[in-house]
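Colleague: Submitted below is the structure of interest, expressed as structure tokens.
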Amino acid sequence: MTAVPAETTTAAPDAAPPDGGHPQRWLILGVICLAQLTVLIDNTVLNVAIPSLTEEMDASTADIQWMVNAYSLVQSGLLLTAGSSADRYGRKKMLAIGLALFGLGSLAAGLSQTTEQLIAARASMGVGGALLLTTTLAVAMQIFSAEERIRAISVWAAVNALGFATGPLLGGVMLDHFWWGAIFLVNLPVVAIGLVAVLALVPESKNREGDRPDLVGAVLSTVGMVGVVYAIISGPEHGWTAAPVVAGGTLGLLVLGGFVLWERRVPYPMLDLRFFRDRRFSAAVVGAVVITFGMGGALFLLTQQLQFVRGYGPLEAGLRTAPLALTIVALNFTGISARVTRLLGLPGALCTGMTLIAVGLTDVAFLGGAGHGYGGLLLGLVLIGAGCAFANPAMAEAIMSAIPQEKAGVGAGVDGTVVEFGNGLGVAVLGAVLNARFVALLPAVAAGAGSLPAALESTDAGSADRAAVVDAFASGLQTSQLVGAAGVLVGGVLSALLLRRAQRLSAATPAE
């Protein structure tokens, strides 16, 4: 069957030079990064408001979990569908729709009067977030030439780090002066500016392939991803053998298996599985999982280390971790990471970045405890940030460059899905290692406690048993951080070798 050629619809004034990219490409990149930053901040800002929500809305623990997870579940489940829709119906159009949905969801969240209303609003924000995260990267791939693309992706990756760093800080400042709803309403002016700028500046581009959208594939991928992500999120909290966790994970895997079978037989699939035959693509996916596994788990552990072991408050802990994100921002915005990538190549940049992350995690494991000053921890954070600044853009470029330009939205969806999966996997695996080590080292008086607060409740203030509980937790953190460092190092070397081999085979194979 002959595929329908890609169609790009662009007004004449927006037409990009064939070799130099769009004339307003850097301004457009700023616009789409502003939209992306809003989504990324919302990924973390709600965590700061949990005490206020618990008190003012009389929210239960289950309510809080759904407020946080409704956004992540919907966003993760829709990433592939959102990317495919952007390719088919227009990336500019989906970017504008995503902004509008995110803005409406933010308004509903800020004005919510009940926990049910807030959960529903957060889910609607997840729909807009999925559209924004996929279309921003897809648009960047369309407007930049191959020579500038790695620099553009570096800026895009820096915005990810900036969102991580500013979310908790912004939330803390807002809650010090306003009620909890302000953390959502602050999105509205940013969304309004972004929407006007997108409509005025961003050129339209799309790939119309096939007569009908792959609705079955969209449903299967969404249901499957929601099931798997739910299991990953809920496992550490409820236990991996809990009925909802097992049911969600099993259902998700079965539905994703059905998705694979369906995509192999449909003429115009939402996700062309032949992409995975490209060794560059497969190696980049492996690298993405490993990077996000290490980073997701490391940040999960670091937050607990700063608050439970070193005794920092939430806002101070956020400030203490800021150097990690600021290092990423500095190296990417100055173009240093792009120059290093061009010098070393994608495999070299990926391996260098992963090695730095592993060394940084090891540093944090040995020097991040209460018995050491902040200097040792700071060094580890800077090393992790530098590693991410080199590895993340290289990984994203490897994934996106292995996919045809007309499928940029799907590529961005794959990238986002892999990141979500890796983050969840890192939290689950390293959290399990932490808990196993912690429980094994607890003193007899706290035996059977499944968490640090529960163990501390069974001991007296200032007693030797309480000190032993804290030491057990610190030891568990150190062990899990070292496991994460080893996983990142081994996975990074492996993915870099796979990527280098794929590049050599691709260069040796004549073009068809």
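The values are calculated or read from the model by the stated rules, or taken from the named source; none is laboratory data. Just so you know, these numbers come straight off a predicted model, no measurement behind them. All Cβ positions, glycine included, derive from the backbone under ideal geometry; neighbour counts span all protein chains shown. Only protein heavy atoms, including side chains, enter the accessible area calculation; ligands, DNA and RNA are left aside. Shrake-Rupley method; radii C 1.70, N 1.55, O 1.52, S 1.80 Å.
Colleague: Please find the FRET efficiency linking Gln117 to Leu199, where r is the Cβ-Cβ separation and R0 is fixed at 35 Å, and quote it to the nearest 0.05. Please report the intermediate quantities before stating the final value.
Modeller: On the way: r = 30 Å, r/R0 = 0.85.
With a Förster radius of 35 Å, E is 0.75.
Colleague: With an 8 Å cut-off on Cα pairs and a minimum separation of 6 or more residues, tell me the relative contact order of the chain in percent. Don't skip to the end; give the middle numbers.
Modeller: Details: 863 pairs, mean separation 106.8, N = 512.
Computed value for the chain: 21 percent relative contact order.
Colleague: If you bin the C-alpha pair distances of region 260-410 every 10 Å from 0, what whole percents do you get?
Modeller: 11, 34, 27, 17, 9, 2, 0
Colleague: Give, in whole angstrom and from largest to smallest, the semi-axes √(5λ) of the equivalent ellipsoid of region 127-266, with λ running over the eigenvalues of the Cα gyration tensor. Write down the numbers at each step before the final one.
Modeller: On the way: eigenvalues 198, 155, 45 Å².
Working from the Cα gyration tensor, I get semi-axes of 31, 28, 15 Å.
Colleague: Between Leu273 and Thr250, what's the calculated FRET efficiency when r is the beta-carbon distance and R0 is 22 Å? Round to 0.05. Write out the running numbers ahead of the final one.
Modeller: Details: r = 22 Å, r/R0 = 1.02.
Calculated transfer efficiency: 0.45.
Colleague: Take the alpha carbon atoms of region 427-477, find their radius of gyration, then divide it by 2.2 N^0.38 Å using N residues; give the quotient.
Modeller: 1.05
Colleague: Separate question: At 1.4 Å probe radius, can you tell me the per residue accessible area of the chain in Å²? Provide the component values of the computation, followed by the final result.
Modeller: Working: 21170 Å² over 512 residues.
Here the per-residue accessible area is 41 Å².
Colleague: I want to verify the translational diffusion coefficient of region 341-409 in µm²/s; compute it with Stokes-Einstein, Rh as the Kirkwood radius over Cα pairs, at 20 °C and 1.002 mPa s.
Modeller: Details: Rh = 13.2 Å.
My calculation gives 163 µm²/s for D.
Colleague: Using a 1.4 Å probe and counting only protein heavy atoms, arrange Asp460, Asp363 so the residue with the most accessible area comes first.
Modeller: Numbers: Asp460 110, Asp363 20 Å².
Putting Asp460, Asp363 in descending order of accessible area: Asp460, Asp363.
Colleague: To the nearest whole percent, what portion of all C-alpha pairs in the chain is separated by more than 35 angstrom? Show your work: numbers first, answer last.
Modeller: Details: 42195 of 130816 pairs.
Counting every Cα pair in the chain, those more than 35 Å apart make up 32 percent.
Colleague: Right, here's the next one. Might you report the magnitude of the Cβ-based charge dipole of the chain about its Cα centre, with Lys and Arg at +1 and Asp and Glu at -1, to the nearest 20 debye? Show your work: numbers first, answer last.
Modeller: Details: 27 positive and 32 negative charges, 301 e Å.
With Lys and Arg at +1 and Asp and Glu at -1, about 1440 debye.
Colleague: Give me the number: length gained by fully extending Ala464 to Ser145, i.e. 0.36 nm times residue separation minus the C-alpha to C-alpha distance, one decimal in nm.
Modeller: Values: separation 319, 0.36 × 319 = 114.84 nm, distance 6.32 nm.
Result for the pair: 108.5 nm of gain on full extension.
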